[in-house]
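The values are calculated or read from the model by the stated rules, or taken from the named source; none is laboratory data. Treat the numbers as computed from the prediction; the structure is a model and nothing was measured. Here Cβ is always computed from backbone atoms with ideal geometry, including for glycine, and neighbour counts include all displayed protein chains. Just so you know, the surface numbers come from the protein's heavy atoms only, side chains and all, with ligands and any DNA or RNA stripped out. Shrake-Rupley method; radii C 1.70, N 1.55, O 1.52, S 1.80 Å.
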Amino acid sequence: MKVVVAVDSFKDCLSSREISNIIEKNLRSIDRNVEVEKIIIADGGEGTVEALKESIDFTMIDCMVENPLGKKIKSQYGFLVNNKVAIIEMASASGLQLLNDKQRNPLYTSTYGTGELILDAINKGAKKIYLGLGGSSTNDCGLGMVQALGVKVYNELGEITRVRGKDLNTIKEIDIIGLKKELQQIEFIIICDVNNPLYGENGAAYIYGPQKGATFEIVKELDNGLRNICNILNDKFKINLNSVPGVGAAGGTGAGAYSFFNAKLNSGIDVILDFNNFEKKIENADLIITGEGRIDNQTINGKVISGIVKRAKSKKIIAIAGAVTLDAEELNRQGISCILSIQNSPITLKEALDKKKAEEMIAYNVKQLYNLINF
């Protein structure tokens, strides 16, 4: 039997590689002859550079940048020296995982560090940049990012040197004269996992603000701010931002990249699967095991599982998740044969995020799954 394992990370718990190794180990503990093909998965968020490094031989570049709260940290991005291609993961500079629970509040976080990674790649001669959007702690519409690249932003009191979520409502003017000219010669490809608009009930603030630490009142403030920036950018660039799917990614960083870089927005899982020659790897597979930390109403909207289902409809697909809130029948209709939650009893969030506990629960589910398939 050949099994292809393509599981996204369980955020704040286990990486894609760790989960893949757990599944492989437990399958082979039952059947030494099982063939396991592992594909390290990401969708634009944390782990994207690692996932792409599985299929691309690139150099890792160290770079000192500002974290979401302005503290200097060491970050990295991938660089193909001969091809002048940079692969940047926003989460490595502006990610939620860089902050503890008390620090998480999108009113006070900035994407400036992501802009510093892009600037470093430009200075090294990049002609093509992949930018993974996901796992961000921010809701500044990417304005911090473009400030690091020469854009100036003003409110009634003067220049704002580091735009954060709290500033969006007060911004009156965005000056792009100083924006790095080299950006005009760079092909910019956004890797993201969502199709959300910039604002509104399905927009960046309402859908993703709470997981970044925003209360309902903060969400409303951020959404109003995104509306303000949308109007400014629409007028400046003669575009209709909120009609573009995906611009709500990473607190509106998708909108910033689309407007200032003329970037193309691509499905993160599709980019990863393309680089991994996914269709070739599943040709002789008897089973595909996929999954992510939480299966909910975003799963069918461009996330890892939906991307895999679209490209492997003729295969038997099993999904494993840390938690399942979406009506399973919807994913069954799309092509998932079975959905398994690794939680087998009521547990606290702290227990659910314990790596040892999660490993034990994944192992149990894998063994039960194997028994079922071979019943």
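Between Asn371 and Ile73, what length in nm is gained on full extension when 0.36 nm per residue of separation is reduced by their alpha carbon distance?
Values: separation 298, 0.36 × 298 = 107.28 nm, distance 4.71 nm.
The span from Asn371 to Ile73 would gain 102.6 nm if fully extended.
What is the local net charge at Glu187, summed over the other residues whose Cβ is closer than 11 Å to its Cβ (Lys, Arg +1; Asp, Glu -1)?
So the environment of Glu187 carries a net charge of +4.
What part of the accessible area of the chain, given as a whole %, is carbon or sulfur when the probe is 1.4 angstrom?
It is 46 percent, rounded to a whole number.
Work through the residues other than Ser94 whose Cβ is under 14 Å from its Cβ and net out their charges, Lys, Arg +1 and Asp, Glu -1.
+1
Suppose R0 equals 25 Å. What FRET efficiency, 1/(1 + (r/R0)^6) with r the Cβ-Cβ distance, do Glu187 and Phe237 give to the nearest 0.05?
0.85
Largest first, how would Asp223, Asp286 line up by accessible area (1.4 Å probe)?
Reading off the accessible areas and sorting them downward yields Asp286, Asp223.
With a 1.4 Å probe and all protein chains kept in place, how much accessible area does Arg164 have, in Å² rounded to the nearest 10?
50
Where the only charges are on Cβ atoms (+1 Lys, Arg; -1 Asp, Glu), what is the dipole of the stretch 155-235 about its Cα centre, to the nearest 20 debye?
The dipole magnitude comes to about 180 debye.
Which trypsin sites (Lys or Arg not before Pro) in the stretch 304-338 sit in a loop by DSSP (not H, G, I, E or B) and have at most 12 other Cβ atoms within 10 Å of their own Cβ?
Listed in order of number, the matching sites are Lys313.
Loop-only check: which trypsin sites (Lys or Arg not before Pro) in the stretch 217-256 are DSSP coil with at most 11 other Cβ within 10 angstrom?
Lys238
Given charges of +1 on the Cβ of Lys and Arg and -1 on the Cβ of Asp and Glu, with all other atoms neutral, how large is the dipole of the chain about its Cα centre, in debye to the nearest 20?
On the way: 45 positive and 46 negative charges, 84 e Å.
Approximately 400 debye in magnitude.
Asp43 accessible area, nearest 10 Å², 1.4 Å probe?
Spelled out: Asp43, probe radius 1.4 Å, area about 20 Å².
Measuring with a 1.4 Å probe in the full set of protein chains, what accessible area per residue, in whole Å², belongs to the stretch 253-375?
Result: 49 Å² per residue.
Search the structure for amide H atoms under 5 Å from the amide H of Gly291, placed 1.01 Å from N in the peptide plane, and list their residues when 5 or more places away or on another chain.
Asp8, Ile320
To the nearest 10 square angstrom, how much accessible area does Ser267 have with a 1.4 angstrom probe?
In the full protein context, Ser267 sits at about 40 Å².
If you keep only loop residues by DSSP, which GluC sites (Glu not before Pro) in the stretch 162-237 have at most 13 other Cβ atoms within 10 Å of their Cβ? Let's see the in-between values first.
Details: sites: Glu173, Glu182, Glu187, Glu201, Glu217, Glu221; in loops: Glu201.
Sparse-neighbourhood loop GluC sites (Glu not before Pro): Glu201.
Could you order Tyr364, Tyr370 so the one with the most accessible surface comes first? Probe is 1.4 Å.
Values: Tyr364 115, Tyr370 30 Å².
Of Tyr364, Tyr370, the descending order of accessible area is Tyr364, Tyr370.
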